[in-house]
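Q: Just dropping this structure here.
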Amino acid sequence: MGNKKDINKQIMALQSEAQDIMNDTAVPIDERIQKTADIYLQAEKLAEESSPEPKAYESLLTDSSRFFAEYGMYKEAIPKYLQLISLRESLYGQEHPDTASAYHDIGEIYRNLCNFPAAFEYQRKALDIRKKHLGEKHAQTAESYNNIALVYYNLCDYDKASEYISKAKDIREEVVGNDHPDMADSYVNIGYLSFRHDDFSQALEFYTKAKDIYEKTLGEEAHKTGVAYYCLGITYLQL
């Protein structure tokens, strides 16, 4: 199969090819997703057969797991995240911010699959590590507050959800500013709570803010932009 340096180059080339395909907006999105999924599976098979350097394998698992998660292929993403967690724990230890990021990401997948105990467990791990090593006023700490809020929201504990949404929003206003996609995430969550409390005008206000930021920073085809449009649609139906 060649030496590790050659294998690393092959894996990096496949990763680059996958990214180029996803960036080619002339190709229909469904076709891009399928082609990219096939390339990542090819790269992972190569890695399993050849044992690349840990850093190269970490990069591949990071890219592929995020891709599968972003496009809703959660069952495919979970084993990749579990491999990534195991690798990062061995490379950096359990209390490293990079390990925390993997905890956070798999926690989001479990939340989307309605496995709320697992979601809360991983999100809490991520939050504790981030507060300890990055501090309270950090974008990643705010991200953890934001996503724990979503777990509480899904569990219908709206008081706790509101508490954590406010913590995330306050940090983000200070560290990333009002035109950042992270801030849009907070606006969406405020929209959720407003909608739940039948304040549809306020929900529209915050969903619109989020949509405008996502379009500007992530593009019209981004998953989060689509979510914001969906939220606006169901809110208009209530008016």
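The values are calculated or read from the model by the stated rules, or taken from the named source; none is laboratory data. Model, not experiment: these values are computed from the prediction. In this analysis, Cβ positions are derived from the backbone assuming ideal geometry, glycine residues included, and neighbour counts consider all displayed protein chains. SASA here: full protein model, heavy atoms, side chains in, ligands and nucleic acids out. Shrake-Rupley method; radii C 1.70, N 1.55, O 1.52, S 1.80 Å.
Q: Give me the pairs: first residue in segment 1-30 and over 18 Å from Thr62 (Cα atoms) and assigned to a helix (DSSP H, G or I), second residue at pLDDT below 95 and open to solvent by less than 50 Å² (accessible area, probe 1.4 Å), beta-carbon distance under 7 Å, and six or more apart or on different chains, which are they?
A: Listed pairs, sorted by first residue: Lys4/Pro52.
Q: Please work out which residue is farthest from Tyr71 (Cα to Cα), limiting yourself to segment 215-224 and to residues that are free of Cβ contacts under 8 Å to residues at least 60 places away in the same chain and more than 14 Å from the chain's Cα centre (by Cα).
A: Of all residues in segment 215-224, those free of Cβ contacts under 8 Å to residues at least 60 places away in the same chain come to 215-220, 222, 224.
This time we only want the ones that are more than 14 Å from the chain's Cα centre (by Cα), so: 215-217, 219-220.
Working: Glu215: 18, Lys216: 20, Thr217: 18, Gly219: 15, Glu220: 15 Å.
For segment 215-224, the residue satisfying everything is Lys216.
One line per residue, one yes/no per condition, for (1) charged (D, E, K, R); (2) surrounded by fewer than 24 Cβ atoms within 10 Å (Cβ to Cβ):
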site: Asn112; (1), (2): no, yes
site: Arg130; (1), (2): yes, no
site: Ala168; (1), (2): no, no
site: Arg172; (1), (2): yes, no
site: Gly191; (1), (2): no, no
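Q: Need the failing condition index for Gln34 against (1) over 30 Å from Glu89 (Cα atoms); (2) open to solvent by less than 90 Å² (accessible area, probe 1.4 Å), just the number.
A: Gln34 satisfies all of (1) over 30 Å from Glu89 (Cα atoms); (2) open to solvent by less than 90 Å² (accessible area, probe 1.4 Å) except (2).
Q: While we're on this one: Do we find that Gly107 is modelled with pLDDT under 95 and either closer than 26 Å to Ile33 by Cα or assigned to a helix (DSSP H, G or I) (or both) in this structure?
A: Working: modelled with pLDDT under 95: no; either closer than 26 Å to Ile33 by Cα or assigned to a helix (DSSP H, G or I) (or both): yes.
No.
Q: Which members of segment 57-84 meet the condition of being under 15 Å from Tyr122 (Cβ atoms) and of a type in the set (Phe, Trp, Tyr)?
A: Within segment 57-84, Tyr74, Tyr81 meet the criteria.
Q: Count, please, the residues in segment 60-89 that happen to be of a type in the set (A, V, I, L, M, F, W, C) and closer than 19 Å to Ala222 by Cβ.
A: 5
Q: Give me the residue from segment 63-96 that is among the hydroxyl-bearing types (Ser, Thr, Tyr), under 24 Å from Asn23 (Cα atoms) and open to solvent by 20 Å² or more (accessible area, probe 1.4 Å) and, out of that set, modelled with the lowest pLDDT. Break it down stepwise before answering.
A: We begin by selecting, within segment 63-96, every residue among the hydroxyl-bearing types (Ser, Thr, Tyr); these are 64-65, 71, 74, 81, 86, 90, 92.
Filter once more, keeping what is under 24 Å from Asn23 (Cα atoms): 64-65, 71, 74, 81.
With open to solvent by 20 Å² or more (accessible area, probe 1.4 Å) added as a condition, the list becomes 71, 74.
Details: Tyr71: 91, Tyr74: 94.
Applying the filter and picking the extreme gives Tyr71.
Q: Could you please let me know if Ile39 is surrounded by 14 or more Cβ atoms within 10 Å (Cβ to Cβ), β-branched (Val, Ile, Thr) and within 18 Å of Lys125 (Cβ to Cβ)?
A: On the way: surrounded by 14 or more Cβ atoms within 10 Å (Cβ to Cβ): yes; β-branched (Val, Ile, Thr): yes; within 18 Å of Lys125 (Cβ to Cβ): no.
Answer is no for this residue.
Q: For segment 203-225, check the following and say yes or no: at least one residue is open to solvent by less than 40 Å² (accessible area, probe 1.4 Å) and under 22 Å from Cys114 (Cβ atoms). It would help to see each step written out before you state the result.
A: Within segment 203-225, the first condition is being open to solvent by less than 40 Å² (accessible area, probe 1.4 Å), and the residues that meet it are 203-204, 206-207, 210-211, 213-214, 219, 222, 225.
From the residues that got through so far, the ones that are under 22 Å from Cys114 (Cβ atoms) too are none.
No, segment 203-225 contains no residue that is open to solvent by less than 40 Å² (accessible area, probe 1.4 Å) and under 22 Å from Cys114 (Cβ atoms).
Q: For segment 183-205, how many residues meet the condition of being touching a helix residue (DSSP H, G or I) at 6+ places or on another chain (Cβ under 7 Å) and either of a type in the set (Gly, Ala, Ser) or over 20 Å from Ala139 (Cα atoms) (or both)? Show your work before the answer.
A: Of all residues in segment 183-205, those touching a helix residue (DSSP H, G or I) at 6+ places or on another chain (Cβ under 7 Å) come to 183-196, 200, 202-204.
With the extra rule that they be either of a type in the set (Gly, Ala, Ser) or over 20 Å from Ala139 (Cα atoms) (or both), the set shrinks to 184, 186, 191-196, 200, 202-204.
Of the residues in that region, 12 qualify.
Q: Restricting the search to segment 1-25, which residues are open to solvent by 90 Å² or more (accessible area, probe 1.4 Å) and modelled with pLDDT of 90 or more?
A: Residues satisfying the conditions are Lys9, Met12, Asp20, Asn23.
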